[in-house]
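Since every read-out is calculated from the coordinates, none of them should be taken as a lab result. From a predicted model like this one, the values you see are computed outputs, not experimental measurements. Note that each Cβ is placed from the backbone with ideal geometry, even for glycine, and that neighbours are counted across all protein chains shown.
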Amino acid sequence: ETGVQRWHLLHALDHAKGELQERVYWVEQLHQALQGDAFELMVQPIVRLRDRSVRHYEVLVRMRDPSGELLLPGRFIPFAEHSGQIVQLDRWVLRAALKVLRRVQSQGIGLAVNLSGQSLHDDGLTTFLADELRASGADPEHLILEITETAAVTDFSTARGVLEGIRALGCQTALDDFGVGFSSFHYLGQLPVDYIKIDGSFIRSLPHNEDSRIIVRAIADIAAGFGKAAIAEFVDQEVLVPMLRDYGIAYGQGYHLGRPVPVEEAFGPA
Ligand code: C2E
Ligand code: CA
Ligand code: CA
Ligand code: CA
C-alpha cells in the first residue's frame, strides 16, 4: 500500500463522515422544526390569464435555520426525502395551510399545497386530511393538492388511489411539473386530476425555442382534450401572457405575475 493510496482512502472516509454528519445534522434540524415553528409558508398567486384575477395561491414552504436565515426547499427537502421526514413535513404544511385557508376562503381564495411522492405512500394521509379539514373548518372545495408527474407515473395505481381519496373529500387535484416525465401523456386520461401544471422549463424557453412552443402547444391541446385546466409555471415576462392565452392555457404562475410572499404580506396578519 502506497502513501498515495492511503491518502485517498483516508480522504474518502473523511468525505463519507462529513456526509453522514450533515445528514444527522439535518435529521435533527428537521425534527426540531417539525415540533416547533421553524417552517414558514410563502404563497404565490395562480393567475387567470384572461382577466388576471387570482383564485388560488400555491403554498411554498421555507425553513428558518438557527442563524435566522430563511432557507429555500431545495436546501432541506432533499434531506427530508432521504430521511422520510418529508411525510411529516407535508402534513405540517397541510395543517398550517388549512388554518390559513379557513381565514381567506370567504374572500373566494383557494390554496394549492404540494405533496411529495412519498406522501402518496402515507396510508393515513386521506384520513389526516379529512380530520384536519373538519378541525380547521376549511372548505375542501378551496383546496388543491399538487402531486408531481414523475411520482404519479412511477407508481400509477397508488397515485390514482390517493388522488381519488383526495377528490372524494371534495378537494381538487393538480399534476405538477408536467412534461418532464413524458410517459404521462399515456396516463393523463386515467388520472383523476383537475389541473395540469406545465413544467417551468418549457415556459421559460418559449420565446426563443421553437421546440418548447411545439411541446407547450401539444400539452395545452392534450389537457383540453382530457377536460383539464392548464397552469403554466415560470411566467416571468409579459410576452408569455398572450402566447399562453393563444395556446388556450387558462392559468399562469411566475415572477412576472406575482412572486412568492409571506402569508401575512398576501393576506394580512392572522
Ligand atoms: P414547485 O412545486 O414546482 O414550485 C414552483 C417553484 O418555482 C417554487 O420554488 C417557486 O418559488 C418557483 N418559481 C415560481 N415562479 C417562478 C419563476 O417565474 N421563475 C423561476 N425560476 N422560479 C419560479 P421553491 O419555493 O423554491 O420550491 C421548490 C420546490 O420545492 C417546489 O417546486 C416543490 O417541488 C417543493 N416544495 C415547496 N414547498 C413544498 C411543500 O410544502 N411540500 C413539498 N413536498 N414540496 C414543496
Ligand atoms: Ca407545485
Ligand atoms: Ca415545477
Ligand atoms: Ca415540483
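Here is the list for region 174-267: chymotrypsin sites (Phe, Trp or Tyr not before Pro) lying in DSSP coil, each with at most 14 other C-beta atoms within 10 angstrom of its C-beta, are F182, F226, Y255.
Straight-line cross-link reach from K228 at under 20 Å between alpha-carbon atoms covers these lysines, not counting any fewer than eight positions away in the same chain: K197. By the count of other C-beta atoms within 10 Å, a proxy for reagent exposure, I215, I46, I166 are ordered fewest to most as I215, I166, I46.
Phi angles of region 45-61 translate, via the Karplus equation with coefficients 6.51, -1.76, 1.60 and θ = phi - 60°, into HN-Hα couplings of x, 9, 9, 6, 5, 4, 10, 6, 7, 10, 9, 9, 10, 8, 8, 10, 7 Hz per residue; Gly and Pro are given as x.
Average projection, convex hull of the Cα set of the chain: 18.0 square nanometres.
The packing ranking, built from the mean of other Cβ atoms within 10 Å per residue, places the peptides 19-30, 69-80 in the order 69-80, 19-30, highest first. Take the Cα of R75, step 7 Å toward its Cβ, do the same at Q32, and the gap between the two points is 1.4 nm. Taking 0.36 nm per residue of separation and subtracting the Cα-Cα distance, full extension of the segment from E264 to T154 would add 35.9 nm.
Please give the charge dipole size of the chain, origin at the Cα centre, charges +1 on K and R Cβ atoms and -1 on D and E Cβ atoms. Round to the nearest 20 debye.
Computed charge dipole of the chain: roughly 580 debye.
Find the percent of Cα-Cα distances in region 167-270 that exceed 17 Å, and round it to a whole number.
Numbers: 2855 of 5356 pairs.
Of all Cα-Cα distances in region 167-270, 53 percent exceed 17 Å.
Scalar couplings 3J(HN,Hα) for region 143-154, obtained by applying the Karplus form with A = 6.51, B = -1.76, C = 1.60 to θ = phi - 60°, are 10, 10, 10, 9, 10, 7, 4, 4, 5, 5, 7, 5 Hz; x denotes Gly and Pro. Every helix of 4 or more DSSP H residues in the chain counts as -39500 (n - 2.57), and over all residues that averages to -15000 deg cm²/dmol at 222 nm. Diffusion coefficient of region 219-270 by Stokes-Einstein, Kirkwood radius over Cα pairs, 25 °C, 0.890 mPa s: 198 µm²/s. The distance separating the Cα centre of region 21-84 from that of region 228-270 comes to 20 Å. Take every DSSP beta bridge whose two residues both sit in the chain; close to 40 percent of them are antiparallel.
Legend: ranking of residues K99, K197, K17, K228 from fewest to most surrounding C-beta atoms inside 10 Å; resulting order K17, K99, K228, K197.
Sorting M63, M243 from the fewest to the most surrounding beta carbons within 10 angstrom yields M243, M63.
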